[in-house]
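The values are calculated or read from the model by the stated rules, or taken from the named source; none is laboratory data. Here the structure is a predicted model, which means the values were calculated and not measured. Cβ atoms come from the backbone with ideal geometry, glycine included; neighbour counts cover every protein chain shown.
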Amino acid sequence: MSAKYAFINSEEGNYPVLKMCQWAEVSRSGYHSWKNRTPSQRAKRRAELTRLVRFSFDESDETYGYRRVHADLVAWGYGVDDETVRSIMRTEGLVACQPRPWRPTTTVAGDATTLPDLVKRDFTATEPATKLVGDITYIRTWEGWVYLATVLDCFTKKVVGYAMADHMRTELVTDALKMAARNGYVRHGITIMHTDRGCQYTSDDYARYARTVGVRRSVGRTGICYDNAWAESFNGTLKNERVHRTAYPTRDAARFDITRYIELRYNTRRRHSALGYRTPDQVEKEWYAERSAA
């Protein structure tokens with residue numbers, strides 16, 4: 001019965017209420033009684049949760065699924081189970097953006113046969129600045145390609161260094177590592193920097209800079225994307241949540257938007273399942289707070 005009343009209510013102004021009640025085989029007095037009744041506490045709570053779920057979803061730029069939305073609500077002090085959040089999102093038609101099909105491609109370049117794999121697909125770490133991963137990806141603009149090199153910390157999942165340019169020369173990846181070093185994410189003789197065997201990462205210039213800051217270089221096997229899976233995962237997230245949903249007229253527009261995504265969303269606001277649905281900045285601050293208190 002409530003469904004019929006709700007339908008009539010939604011069509012008020014388009015059709016006479018009396019006619020709609022006759023079509024739905026309900027009484028007009030019953031409809032007006034339903035319309036004017038005070039919402040129940042359960043209905044009020046559902047409406048409030050719906051408002052919060054939609055706010056979390058919109059704030060994530062429509063990238064959060066029900067688990068991350070649920071984590072937001074819990075962080076805001078609302079006791080609700082994840083299945084309720086899932087139900088609300090389904091009812092409201094809130095669907096997170098989905099990744100496009102992806103096919104890995106690897107170009108053999110440079111002689112890196114003497115470099116070891118120090119990571120062995122273990123992309124975890126017990127503290128910051130001990131294990132980093134890096135990769136290059138590309139972004140289409142109306143002016144041409146923009147190439148992005150990133151450096152990620154395996155402990156916090158944070159982007160700690162990045163660089164963008166209209167080329168893929170060695171300086172692109174070196175600039176990204178330099179940013180990580182300036183920001184304090186390189187510890188001489190301790191930090192591992194893991195990448196694929198691309199020519200930029202096996203070049204003399206990159207090797208020289210890595211030695212200067214005391215980075216221990218590590219590479220995966222040729223053609224095995226899983227050996228650098230965490231860096232590949234970030235590229236997929238960036239493309240899915242931002243790049244594939246945005247048109248960039250210029251390279252500068254792409255640089256600005258990607259910088260904003262990294263600094264103002266990914267590092268500071270995006271919840272990661274691998275971090276217990278905390279943000280990279282939150283994990284980093286908690287680690288340093290615990291060290292200070294010890």
What do you reckon, is A96 surrounded by 15 or more Cβ atoms within 10 Å (Cβ to Cβ) and at pLDDT below 80? yes
If you take the residues of region 235-294 that are more than 14 Å from the chain's Cα centre (by Cα) and among the polar types (S, T, N, Q), which of them is nearest to V159 (Cα to Cα)? Q282
Of the residues G161, G198, G189, which is among the small types (G, A, S), in a loop (DSSP other than H, G, I, E, B) and crowded, with 20+ Cβ neighbours inside 10 Å? G198
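Can you find, within region 54-68, the residue that is surrounded by the most Cβ atoms within 10 Å (Cβ to Cβ) among those that are part of a helix (DSSP H, G or I) and either at pLDDT 85 or above or charged (D, E, K, R) (or both)?
Checking each candidate, the answer is R68.
Within region 204-233, work out how many residues are in a helix (DSSP H, G or I) and either under 19 Å from P116 (Cα atoms) or modelled with pLDDT of 90 or more (or both).
So the first thing to find is which residues in region 204-233 are in a helix (DSSP H, G or I), and the list is 204-213, 225-233.
Checking which are either under 19 Å from P116 (Cα atoms) or modelled with pLDDT of 90 or more (or both) leaves us with 204-213, 225-231.
Here the count works out to 17.
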Residues of region 260-292 that turn out to be of a type in the set (S, T, N, Q), assigned to a helix (DSSP H, G or I) and surrounded by 13 or more Cβ atoms within 10 Å (Cβ to Cβ), as a count: 1
